[in-house]
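First up is the structure itself, then whatever we jot down about it.
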Amino acid sequence: MAEWLLAPALETLRFQFNEQFPDRNKASDGAIGDDAHRNQGSASDHNPWVVLDGQAWVTALDITHDPDNGVDMNRFTDEMLEATRNGGEYRLKYQIFRALIMDTRPGQRPFEWTPSFEHYGHAHFSVLDTRALLDDQPWDLPMLAGTTKPAEGGFRLRPGAYFGPLTGPVDSHGGATGWERDQVARIQRRLQELGYAPSHEGWADGRFEQETADAVAAWQRDKMPGTTRFGEVWPDDWAILFS
């Protein structure tokens, strides 16, 4: 299982910001928590305490306030408030900016700005710890108009992780959870389509075992001969395999 993944809803939000504001400052961007956050346990959404389908999810994202390049979080957090209160956007749990928090949950003075912790250099966005976090549709806010979401089924493992043998090591993700099995099965089906794997029904079972590693390596020898990690699927392998 991947040690943690960023909630797909937030992957899309980050992608939209990057697409709309390609020159934006990312100095205060963040997802997984540092030591200070880790010490807070489930009190911080920067920690992967939410588990769905056997996968641990980080449900918080920080985006840098950079008005010089169009990312004015005063404006954006107002748009987010309007979208959640009146526009049908249902994924947000709360947002924090300039020492104020706006929570959407009943019993939390929903849709009001109330005092909170700092957050001056960036805005914090948390999504609900329900299946809403898996909804990767674009956020419909004016500042993000015209933006899209990551390519369907894109490579979503954390930096340093890859799809490889189910037996490990820890950075190798080969089908230990439902989400991983879906991704491995996509790799296997693609190798079948390209003629590098057995074509019989049932071969694409979502388990990255030796036959799958051999098929990946055969494809790499033809398409990525310069690789040093034969039999493993890294982001550059994924991009070419699904191009």
Item to check | Whichever lysines have a C-alpha closer than 29 Å to that of LYS223, once near sequence neighbours (fewer than 8 apart) are set aside | outcome: LYS149
Checklist entry - Taking H as built 1.01 Å from N, whose amide H comes closer than 5 Å to the amide H of LEU52, not counting residues under 5 places away? => result TRP57
Item to check | THR12, THR212, THR147 arranged by Cβ crowding within 10 Å, fewest neighbours leading | outcome: THR147, THR12, THR212
Item to check | Dipole magnitude of the chain about its Cα centre (Cβ charges: Lys, Arg +1; Asp, Glu -1), debye to nearest 20 | outcome: 160
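Using only DSSP helix segments of four residues or longer, with each worth -39500 (n - 2.57), what per-residue ellipticity at 222 nm results for the chain after dividing by its residue count and rounding to 500?
After summing the helix terms and dividing by residue count, I get -8500 deg cm²/dmol.
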Item to check | For the range 107-243, the Rg and Dmax computed from alpha carbons only, in angstrom | outcome: 19.7, 60
Checklist entry - Lys/Arg Cβ at +1, Asp/Glu Cβ at -1, dipole of the chain taken about the Cα centre: which of HIS46, PRO138, GLN108 is farthest positive-ward? => result GLN108
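Please give the peptides 99-110, 57-68 ranked by average Cβ packing (other Cβ atoms within 10 Å per residue), highest first, as a rough proxy for protection.
57-68, 99-110
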Checklist entry - Taking a temperature of 25 °C and a viscosity of 0.890 mPa s, what whole-number D in µm²/s does Stokes-Einstein yield for the chain with Rh from Kirkwood over alpha carbon pairs? => result 126
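Tally Lys/Arg at +1 and Asp/Glu at -1 over every other residue whose Cβ is under 9 Å from the Cβ of HIS65; what's the total? Numbers along the way, then the final one.
Details: positive: ARG98; negative: ASP66, ASP72.
Its environment carries a net charge of -1.
No lab work stands behind these numbers, since they all come straight from the coordinates. Everything quoted here is computed from the prediction, not taken from an experiment. For neighbour counting, all protein chains shown are included, and Cβ atoms are generated from backbone atoms with ideal geometry for every residue, glycine included.
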